Each structure stands twice: as structure tokens, then as C-alpha cells.
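First the structure, in the form of C-alpha cells, and then the observations on it.
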Amino acid sequence: MVRSHLSKRANKYLRKFRKWPHSPYKTSWHHNFAQDQAMQILKTATFQLGSVNNNNKGSLLSTLIDSFKSYSCDPTPKAYFFLIKALTQHSHFHDIPPVLDHIENMESFETPELMLMHVIRFYCYAGMVQDAVVLFYRIPRFRCTPTVRSLNLLISLLCRRPEWIGMVPSVLLKSQHMRIRFEESTFRVLIKALCGMKMVGYAVKMMKLMIEDGFSLDGEICSLIISSLCEQSDLTGKDALVVWGDMRKLGFSPGVMDYTNLMRFLVKEGKAMDAFQILNQMKEYGIKPDSVCYTIVMNGTVKEGDFVKLDELFEEMLNNLDEALKMVASMEDLGCKPNVVTYNTLLSALSMAGDLSKVRGLAKEMRLKGIEMNLHTYRIILDGFVGKAEIQEACVLLEEMLEKCFYPRSSTFDDIIVQMCQKGLIAEAFELMKKVAAKKIVPGARAWEALLLNSTSEFSYSQASFSELLRTE
């Protein structure tokens, strides 16, 4: 019994006087809860930011401080970032400096670089470029280690406008004192910005500095510089070829688009022969030119009047008829309209290949574009029809030729008569012979032979027809 009495007294003493340690989990939970409640007060205040009057705008910083103070906890970087985002969203320019000053002088946490980058971006978009540069220089004072991310951001923003780009050298110099190490990404940002501003000459110089600093050649950057050539005016065709050669020596492996862009620039500069050489270089390195490549170079040779090179290019294109057809389709877009000679060359190749569907399509395209077919055009198409024994289409086309006083080759006409006779079209063959004879065209021996051999069953008609033919002659 005594032991029990003493135990009760001891427990009562412990409950009254002993201080048990708080649970760490409970403490963390209370702390997080307090921060959440404080953030809720701040969010409620910022949601009303668009409607409050000017006298109340400045109270948001006080709201942040007081809300966290009322819950016995310190303001977090997240809370300040939320406040800054709200102020920038509503363009409250004058309320941002007090917040930044308070973070710099009154807080002790390490300020996230992302928060400061957000303000830098906002300042530049608002045209407050000097404020953006000053804030970049202040980054270490916020207990934040500046990195190449903030440097790249500021440079890319400064390069957006020609009047700001003059500040870039001083920023780059200052960044070295801030111990920000240049990376390949920094050069990439600069080169892209310069190309975007059509200052390709400076972009090339920056690329050379990049190589001198020990960085490897970036194929994407090389392609960007080449693609920007046609939109700038500070490089000549000769300069472009030097840059191209330097890139190749450094290991740049251009693709079809790179070759295309360079040839387009050279033609624009009136250097069609150099573009022709680049085309040959392309083939030497095992890269197959497409229709666009050929069209660009052909456009240049037309402008310079080098029709020998033009024929050479076109004949080469005929090895791939599909690409040749694409080339003709794109010539007009490049300001080099295909003419009847261009179409005749294609029609000849298609006819020899026996692709009559494409022959028909190309002939229709000529008519739609108002390109008049000449004697050579008709003969090419007619030979194609005869070669495939499409005798009905051949006869229709021949009728059209005769109306325009265009005459087929004697051998082609003989083939038509022979095929008509083979198909039993004897009467039609005689009618055609009459029309041809009326035009003072003398059929060949094969045509007469075919008619004689196939006219025995219709002797009376044939005899009369021969008499008419003889009188016509």
C-alpha cells in the first residue's frame, strides 16, 4: 500500500513540474501550418491588388511581414516570390524596389536566383533596362551566387533591341568580376541574338572567340549563321565563302539545308558560279541535292545568262524525274518562271520513260499557265503516244497540230498509219492520209505499204481513195 501511495505522489510531481520535450513532428507541423496561414492572408491581399487604390498598394509588403509575424514565423523566399509575381503581373513598378530593398537589408535567407531573374526579365520587358542591369549587379548582395543562367538571360534581353546591345560588353566584363564563368551557352545566346538582329558579321566574330576560348564548334550555331546570311547586309558573298571554309576546317558537317542556304545567298549576291561550285562540292561529299538546290543554282545561271551551265544542270536533274518535276514547281516561287524549253525537256524525259500520265499532266499544266506549245512540244508528246500505241490520242493531237500548221516527223506519221491499219481503222487511215496530202506532206513508203496490204477487203473504197490521193498530190 505504501509503495502505491508513493507512486501516485511521484506521478503527480512529474506531471506538475517536469518539462517533457516537444515532438519534433508536432513542431514541424505547427511551423508549416503557421506559414500556410500567413501565406493565405498574403494571397487574399494580393488577389485584391487590381482593385485597390494607390494608397493601399504599398501595404502589401507590410501585409506580408505582419501576417508571418502574427503566426510567429519568418517570411519565406516563397512568400516574397509570390508577392513579386503579383506586383509584376499588375505592373506596379514602384512597389518592387521597396520589396527588394527589404529582402537585401532585413532578411537573412539565400535569395533564389530565379526570383531575381524574374524581376530582371520584367524590367527589360517594361523598358526599364537600366534597372535590370543594376539588379543583375546587385545579385551577390541578396546572399545569392550569380550563375550563367542570369547572365544569359540579361544578355538575351539586351540583344533584343539595337539601342541596348551596346551595354553587353560592360555586362560581360562585370560578370567576370562577379566570378560568373562563361559557358558555351553564353556564346550561343550571343550568336543567336546577333543573327536575329541580322548582324551576322558580329555573330561570326563571336563564333571565332568561342573557338579561341577552347569551346568546340557547335553545328547548330553554324547552321544558324548560314541560314541568317540571306537576311543581312554586313557580309559579302566572298566573306560567306571564307566563313564556310573556316567552318569546314573546324569540323562542321553541313546538311542539305546548310548547302541550300549558302547557295541561295551566293545567287542573291550575283555569284552563280560559286553557287554552282558549292553544288558540286555537295555531291562530292556524298550529299544528294534536291530540287530546291538545283532550282536555286539554275535561277542564278539564268540571271547571268549562262545557258550552257543551265542545260548541264537540267540534264543532270532528268536522272530523277520526280525531283525535276518538283524543281519546275518551285522555280516560279523563286522568280524564275519555267518556259516552253523547260517543259519540253521534261516532256521528252517523261515520254522516253513511258510515263504518259505525267506527260498529260504536264501538258495540261502548260495550257493552264498560258505557255504555248511549239512544234517540238507537239512532236515530243505525239512520239510518246505513238510509242505506247495510244493511237486515238495520237490522232487527236495530230489533228490539232495540222490546224496550227505543225507537221509531224515523216517516220511518226508512218507509224500512226501502220498502227491504224493494224487496228482495222482503214477508212480512218485513208481520211488522215487525205488531210496530210492536202498539207503537201508526202507519206513514207511504210504508210503506203500498210494501206495497200490492208485494203483488199475494201477494194472499191480503197481504189476511189487512192485516186483522190493521187489527184491531191
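The values are calculated or read from the model by the stated rules, or taken from the named source; none is laboratory data. Small disclaimer: the values here were computed from a predicted structure and weren't measured. Ideal geometry is used to build each Cβ from the backbone, glycine not excepted, and the neighbour counts take in all protein chains shown.
Scanning the stretch 86-96 for any residue that is surrounded by 15 or more Cβ atoms within 10 Å (Cβ to Cβ) and closer than 30 Å to E184 by Cβ turns up nothing. Within the stretch 57-79, at least one residue is surrounded by fewer than 18 Cβ atoms within 10 Å (Cβ to Cβ), within 48 Å of the chain's Cα centre (by Cα), modelled with pLDDT of 90 or more and among the basic types (K, R).
All conditions in (1) more than 29 Å from L321 (Cβ to Cβ); (2) touching a Leu at 6+ places or on another chain (Cβ under 6 Å); (3) surrounded by 15 or more Cβ atoms within 10 Å (Cβ to Cβ) hold for F215, with the sole exception of (2).
Going by the conditions given, is F276 in a helix (DSSP H, G or I), in contact with a Leu (Cβ under 6 Å, 6 or more places away or on another chain) and surrounded by 15 or more Cβ atoms within 10 Å (Cβ to Cβ)?
On the way: in a helix (DSSP H, G or I): yes; in contact with a Leu (Cβ under 6 Å, 6 or more places away or on another chain): no; surrounded by 15 or more Cβ atoms within 10 Å (Cβ to Cβ): yes.
Taking the combined requirement at face value, the residue does not satisfy it.
The set of residues in the stretch 406-420 being closer than 16 Å to E390 by Cβ and of a type outside the set (S, T, N, Q) consists of P408, F413, D415, I416, I417, V418, M420. The C-beta contact set for the stretch 290-313 (first residue under 12 Å from K271 (Cα atoms), second residue basic (K, R) and at pLDDT 75 or above, distance under 6 angstrom, 6+ apart or interchain) comprises I296/R264. Residues in the stretch 364-388 that are of a type outside the set (D, E) and loosely packed, with under 13 Cβ neighbours inside 10 Å: K364, R367, L368, K369, G370.
Could you pull out the residue among I180, I139 that is farther than 30 Å from E220 by Cα and of a type in the set (V, I, T)? Show your work before the answer.
Values: I180 fails: farther than 30 Å from E220 by Cα.
Within the list I180, I139, the selection yields I139.
Considering only residues that are among the acidic types (D, E) and assigned to a helix (DSSP H, G or I), look in the stretch 200-243 and name the one that is modelled with the lowest pLDDT.
Narrowing the stretch 200-243 to residues among the acidic types (D, E): 212-213, 218, 220, 231, 234, 239.
Filter once more, so that each one left must be assigned to a helix (DSSP H, G or I): 212, 220, 231, 239.
On the way: E212: 84, E220: 87, E231: 73, D239: 86.
Residue satisfying both the conditions and the ranking: E231.
Across the stretch 158-169, a minimum of one residue is classified as within 22 Å of Y123 (Cα to Cα), surrounded by 17 or more Cβ atoms within 10 Å (Cβ to Cβ) and within 23 Å of the chain's Cα centre (by Cα). Apart from one condition, G270 fits all of (1) at pLDDT 90 or above; (2) of a type in the set (G, A, S); (3) within 19 Å of Q232 (Cβ to Cβ); the exception is (1). In this structure, is R161 of a type in the set (K, R) and over 30 Å from S28 (Cα atoms)? When the stated conditions are applied, R161 passes them.
Looking across the stretch 328-347, the residues that are of a type in the set (A, V, I, L, M) and either assigned to a loop (DSSP other than H, G, I, E, B) or modelled with pLDDT of 70 or more (or both) come down to V328, A329, L334, V340, V341, L346, L347.
The set of residues in the stretch 244-255 that are in a helix (DSSP H, G or I) and either outside the structural domain of M210 (by TED's automatic domain parsing) or surrounded by 22 or more Cβ atoms within 10 Å (Cβ to Cβ) (or both) comprises W244, M247.
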